[in-house]
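> What follows is a single structure, and I will ask about it in a moment.
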Amino acid sequence: MQIAFTKSALPATGAVAAPVFEGGLKEGVFAALDARSKGALARAAATVNFSGKKDQVLDIIAPAFLENSRILIIGVGKKADFTILGAEGAGGLAAVRLMRMREKSVSIALDGFDSDKTTIDGAAAHFAQGFLLRTYRFDKYKTKLEPDQKPQLAKVTIHTPSTKAKVLFAELEKIAQGVTFTRDLVSEPPNVLYPESFAARCKELEALGVKVTVLGVKEMKKLGMGALLGVGQGSARESKLVALEWKGGREGKAPVALVGKGVCFDTGGISIKPAAGMEDMKWDMGGAGAVAGAIKALAMRKAKANVVGVLGLVENMPDGNAQRPSDVVRSMSGQTIEIINTDAEGRLVLADAIWWTQEVYKPVAMVDLATLTGAILIALANEYAGLFTKDDALAAQLLKAGEATGELLWRMPLAKVHDDVIKSDIADMKNTGPREGGSSNAAAFIGRFVKKGAAWAHLDIAGKAWTTKDLPVVPKGATGYGVRLLDEWIRTNYEK
């Protein structure tokens with residue numbers, strides 16, 4: 001998809017789209033188009049009770065007195081409430097409508113597209129980003145698409161008086177490419193994406209200046225990573241640990257660390273999951289996917305920060321070599337873990353990945369992301385990811401980044417009681433506690449592998465890595481959640 005910006009006037013032919021504020025039909029672009037159509041647009045709006053309310057759409061084909069093939073008007077709601085997230089949503093809605101059409105190009109008028117909460121530059125750039133994010137498709141395995149199922153739209157020209165929107169969008173487009181990278185990873189079937197092939201995809205980031213290190217089973221055994229390796233020992237696919245280093249900050253300065261759970265397929269192991277819905281477990285590597293996408297975004301926009309992304313990549317399979325409930329494994333930290341449920345595997349992967357990250361990189365702050373618990377879905381549905389940390393300052397930073405990007409977080413409790421319930425009778429801890437407080441119990445387990453005084457937060461993204469319905473800037477499927485959140489957090493707090 002080619003997106004261009006221009007200050008030139010709208011063309012008198014072809015498809016034209018424009019947003020309009022609620023009650024704004026007598027001003028701006030709509031008024032100008034209506035005058036050219038001798039009132040045809042206003043009559044059409046009155047006929048369908050279109051007033052510009054948020055998400056209203058007025059689609060006029062071959063409008064009278066105009067040579068344009070189509071006029072598409074998108075309602076964006078009240079101007080007083082309009083933000084850059086509203087601009088993204090409007091871009092996404094425009095994309096949905098225009099991608100269904102046979103038009104190969106469209107002109108979008110954004111004159112007057114600002115408010116007290118956003119400039120015309122920001123609104124135009126974020127409209128374009130929303131448009132781009134919403135046009136994502138993963139149909140590489142569809143061999144029999146009918147011609148009318150293939151999008152025709154190839155070029156979008158945004159008409160705006162702003163000269164800065166193009167510059168702003170150039171950076172937003174790079175972040176969108178990070179989101180796309182994550183969505184592609186999460187969408188792939190598990191016979192295509194497994195630890196070794198995931199690591200190979202990460203190797204591609206070397207072309208952007210990212211240093212990529214891959215550890216195999218032999219190296220991890222030497223390091224004593226019994227927790228991570230225990231999860232993957234039932235699979236024919238070799239487990240991997242991948243480190244992605246982006247050094248855009250001051251030389252020698254400690255990096256920010258991002259750690260991702262990468263269970264490329266999760267059967268549950270010996271504690272096997274029910275068959276219904278198990279196909280969804282191809283996206284149990286969503287945390288690792290988000291970390292990889294964030295590193296790509298940071299590298300593409302040449303972020304002025306030192307960041308390392310660490311991915312623990314395994315498959316959890318139930319063969320004769322798989323670990324059993326009641327096994328005891330020794331983690332890299334030296335702590336021992338009694339396995340109660342082999343389906344509580346993500347925290348085992350993170351245990352060793354987080355300890356290794358601290359030992360090797362000594363990060364200034366560390367955030368892990370994982371599709372960790374079904375319990376977080378019960379608590380927060382698909383509206384928020386769970387945020388667990390005892391660091392109030394870090395929590396505030398992440399919550400603010402979530403609000404800025406629309407990738408929302410909700411802070412959850414993490415207290416001594418959650419740590420107490422994972423005590424084991426025969427080992428240092430067990431890998432599950434009771435069902436009650438399941439997400440907090442899991443976070444407490446991970447916290448046992450965080451060194452004293454470290455700035456650390458855990459994000460449980462089980463309800464956010466995948467969507468079963470279309471969202472404003474996310475089509476049904478892999479969301480790419482976490483990429484924009486992490487990019488914003490690093491930009492705001494570590495690029496100084």
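The values are calculated or read from the model by the stated rules, or taken from the named source; none is laboratory data. Computed from a predicted model, the values in this text were never measured in an experiment. When we count neighbours, we look across all protein chains shown, and the Cβ atoms used for this are built from the backbone with ideal geometry, even at glycine. These area figures cover heavy atoms from the full protein model, side chains too; ligands, DNA and RNA do not enter into them. Shrake-Rupley method; radii C 1.70, N 1.55, O 1.52, S 1.80 Å.
> Taking R0 as 30 Å, what's the FRET efficiency between Val417 and Asn382 from their Cβ-Cβ distance, rounded to 0.05?
0.65
> Leaving out ligands, DNA and RNA, what percent of the accessible area of the chain is carbon and sulfur, probe 1.4 Å?
The C+S portion of the solvent-accessible surface of the chain is 52 percent.
> Using only the Cα atoms of segment 276-409, construct the convex hull and provide its projected area averaged over every direction, in square nanometres to one decimal.
With the hull built on Cα positions only, its mean projection is 10.4 nm².
> Let me ask something additional. Suppose all protein chains stay in the model; what accessible area per residue would a 1.4 Å probe give for the chain, in Å²?
Accessible area per residue: 42 Å².
> Please report the base-10 log of the normalised intensity I(q)/I(0) for segment 216-319, using a Debye sum with one equal scatterer per alpha carbon and no solvent, at each q in 0.11 (1/Å).
-0.41
> Which order do the peptides 42-53, 450-461, 146-157, 8-19 take when ranked by the mean count of other beta-carbon atoms within 10 Å per residue, highest first?
The packing order, highest mean first, is 450-461, 8-19, 42-53, 146-157.
> Bin width 5 Å, alpha-carbon pairs only: give the P(r) of segment 319-381 as whole percents, running from 0 to the bin holding the largest distance.
Calculated over all Cα pairs of segment 319-381, the distribution is 4, 13, 21, 20, 19, 13, 9, 1, 0 percent.
> What's the ranking of 364-374, 427-437, 471-481 by average number of surrounding C-beta atoms within 10 Å, highest first?
Those peptides, ordered most packed to least, come out 364-374, 471-481, 427-437.
> Dividing the Cα radius of gyration by the Kirkwood radius, what Rg/Rh value follows for segment 256-298?
Rg/Rh for segment 256-298 comes to 1.13.
> Taking Lys222 as the anchor, which lysines have their alpha carbon closer than 18 Å to its alpha carbon, excluding any fewer than eight residues away along the same chain?
Here the lysines satisfying the reach criterion relative to Lys222 are Lys240.
> Can I ask one more? Taking one equal scatterer on every alpha-carbon of segment 147-270, how large is log10 of I(q)/I(0) by Debye at q = 0.12, 0.13, 0.21, 0.22 1/Å?
The calculated log intensity ratios at q = 0.12, 0.13, 0.21, 0.22 Å⁻¹ are -0.68, -0.76, -1.35, -1.41.
> Here's a follow-up. Using r as the Cβ-Cβ distance of Lys273 and Trp410, and R0 as 30 Å, what FRET efficiency do you calculate, to the nearest 0.05?
That gives a FRET efficiency of 0.70.
> Let me ask something else about it. Holding the Cα-Cα limit at 25 Å, pick out from Lys261/Lys362; Lys247/Lys282; Lys362/Lys390; Lys203/Lys261 the pairs that are longer than that.
Over 25 Å Cα-Cα: Lys247/Lys282.
> A 25 angstrom limit on the alpha carbon distance is what I want to check against. Which of Lys117/Lys302; Lys140/Lys469; Lys166/Lys296; Lys79/Lys164 exceed it?
Lys117/Lys302
> Provide the descending list of Cα extents for segment 344-468 along its principal axes, expressed in whole angstroms.
44, 33, 23
> Let me ask something else. What percent of all Cα-Cα pairs in the chain falls into each 10 Å bin, going from 0 up to the bin containing the maximum distance?
4, 20, 27, 22, 14, 9, 3, 1, 0
> Order of 171-181, 114-124 by packing, highest average Cβ count within 10 Å first?
My ranking of the peptides, most packed first, is 171-181, 114-124.
> Specify the inter-centroid distance of segment 272-331 and segment 62-110, based on alpha-carbon positions, in whole Å.
Their Cα centres are 38 Å away from one another.
> When the Cα atoms of segment 1-131 are enclosed in a convex hull and the volume is divided per residue, what value in Å³ results?
95
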